[in-house]
Amino acid sequence: MQDGAVGDGRVTERGLLSVPEPVWASAVRRAEVIGPLAAAERLAGGAVDAAAEALGVSRRQVYVLLRRWREGEGLASDMVPGRSSGGRGGSRLPADVDAVIGEMLSGAYGNRQRKTVAAAHREIARLCRRRGMPVPSRSSVARRIAGLDPLATATAREGADGARRLQSAGGRVPPVGEVLEQVQIDHTVVDVVVVDERERLPIGRPYVTVGIDVFSRCIVGLVVTLEAPSALSVGLCLAHMATDKRPWLERIGVEAAWPMSGKPRELYLDNAAEFKGEALRRGCEQHGIALRYRPPGQPHYGGIVERVIGTMMGMVHELPGTTFSNPVERGSYDSEAKASLTMAELERWLALAVAVYHGQVHGTIGQTPQWRWEEACGKAPPPVVADGSSFLVDFLPVYRRRLARTGFVLDYVHYFSDALKPWVARRGQLDSFALRRDPRDISRIWVLDPEGGSYLAVPYRTLSRPPVTLWEQRAAVQRLRTEGKAQVDEEALFRMVDQMRAITDTATAATRKARRNAERRRRTPAASSPPPLLVPPPAPPSPGPVPSAAPFEVIEQW
């Protein structure tokens, strides 16, 4: 991708997928302890002792980890353990033995059988002997167990009831005292019908993904799509949140201040499937972003983002083509007949609405969100992500495939590059590769180097194929199945895509679905350039001005 490209089209990979799960868990735990310690102005001896006890290492090893953190990028991958030098006071466990311990503690130890430390050590010793590894001491295993998260361990071994003694009393959401300490993210379908760019006829309701900073009540991330909420929606919202918004505002033609950017320390999410995938989990671990989920049956935990979305939808009800909140409220209003805003115009209107919201006094905090943000940040605003493209790659969906002589096959599409040839020669000795793909443009995939150094961009094997979206590919496969095709091959797949596009192009004025499909294709990133964070289409001449963002009449209390 643009900023993340490394020489021959590679994007740096720093351990998200190449490191075994137990070793990665150890690195994340080290980052949780060492990161705050490295940020402290003074390094007290007591803090070093506490860190050593928490990690089950010596004081000397804590200073080694501090040096690695300060010399690195401040990411969890800086803490991936390697083989120890075996020096006095340091850990003598090789990484593969450390991985066996982690595997045991996250598996057989962390379940309702509730094995003792002695039983866990016996099982670890058995596995190490069988694999020809040195056997760790019982004290080493005990230190690792002592360093586990008490609440997570109690939940895994005793269930929710057994872990309740470790939780705070009452149902109050934990207090938040700094900007970006906690961000809540949620999606909703927008209460307005939009029109396509060409015919300006209705194509249905889009979706919006919103991220709000709990402390300042500032909206820090916003993404509008025609796709249903997915893992990609979350990744795009995070990328929008973490990067400087000025280039995006210029692209969509909005003159407004939106300085609220930076990586959150914690995301508070509901239990939807798109919030629990491997890509989001490891991406957040890599960037030091904690994931917390709303307890089932306790909706107040996500009330802040839900209320701001509710307030935004109340403003949307003033737009032409609104569907209101329900059929009763809509009455005889013909939403499709009144619809006049395109996706690009709605996106610009929402950006202006956010600017208005930031400048009005919030009933709960007694200040404007913008003032609270600036007051908390002072003269040093939170650092933003400069390499937005590489940041987004860390959150793209993950697939695992074996390498063949002809490259990779993913969803009936073949991918190949000359850069794969060294791996093809020894593919028999290699495991499955980790691949990432942007669903908005499947004309290339990102292949993780087996040594874990970087991602390599690998295009279609047949370069003349047009870039397509994942939803087009899936629709084409479904159409081929409907026509009775027992075998789906790449040639038939792209022929079907061409036919579907031809139908869409000639029928845009006929059906809303055809117009929606055409608009989704127009908003797809071009295959000739890396996928940007948000790509609004060029604004065509509008029959009328975009409605100005009305001020919030009432700021809800939350």
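The values are calculated or read from the model by the stated rules, or taken from the named source; none is laboratory data. Quantities reported herein were computed from a predicted structural model and do not represent experimental measurements. Cβ placement follows ideal geometry from the backbone for every residue including glycine, while neighbour counts extend to all protein chains displayed. These accessible areas exclude ligands, DNA and RNA; they are computed on the full protein's heavy atoms, side chains included. Shrake-Rupley method; radii C 1.70, N 1.55, O 1.52, S 1.80 Å.
Sorting 144, 246, 281 by solvent-accessible area of protein heavy atoms yields 246, 281, 144, largest first, with a 1.4 Å probe. Pull out a ≥ b ≥ c, the square roots of the eigenvalues of the alpha-carbon gyration tensor of the stretch 362-455, then state rounded if a/c is under 1.5, prolate if not and a/b is larger than b/c, and oblate in the remaining case. Because a/c hits 1.5 or more and a/b exceeds b/c, the stretch 362-455 counts as prolate. Under the rule of at least 5 residues apart or a separate chain, name every residue whose amide H is placed under 5 Å from the amide H of residue 290. Under 5 Å from the amide H of residue 290: 266, 267.
In terms of accessible area, using a 1.4 Å probe and ignoring ligands and nucleic acids, 408, 416 rank largest first as 416, 408. Would you work out if the stretch 391-504 is rounded, prolate or oblate? Take a ≥ b ≥ c from the square roots of the eigenvalues of the alpha-carbon gyration tensor; rounded if a/c is under 1.5, else prolate when a/b is larger than b/c, oblate otherwise. Prolate, because a/c is 1.5 or more and a/b exceeds b/c. Here residue 338 is the anchor, and the lysines within straight C-alpha reach of less than 27 Å, apart from those fewer than 8 places off in the same chain, are 513. For residue 245, the aspartates and glutamates whose Cα comes closer than 15 Å to its Cα, not counting residues fewer than 8 places off in the same chain, are 255, 347, 387. Rounded to the nearest 10 square angstrom, residue 411 shows an accessible area of 50 square angstrom against a 1.4 Å probe. For the stretch 311-402, the square roots of the Cα gyration tensor eigenvalues, ordered a ≥ b ≥ c, give a/c of at least 1.5 with a/b no greater than b/c, which places it in the oblate category.
Accessible surface of residue 498, taken over heavy atoms with a 1.4 Å probe and every protein chain present, rounds to 80 Å². Against the criterion of solvent-accessible heavy-atom surface with a 1.4 angstrom probe, 261, 139 sort, most first, into 139, 261. In this structure residue 77 has an accessible area near 20 Å², from a 1.4 Å probe over the protein heavy atoms. Neighbours of residue 366 by Cβ distance under 13 Å: Lys/Arg scored +1, Asp/Glu scored -1, total +1.
Applying both filters, DSSP loop and at most 14 other Cβ atoms within 10 Å, to the GluC sites (Glu not before Pro) of the stretch 231-274 gives 255.
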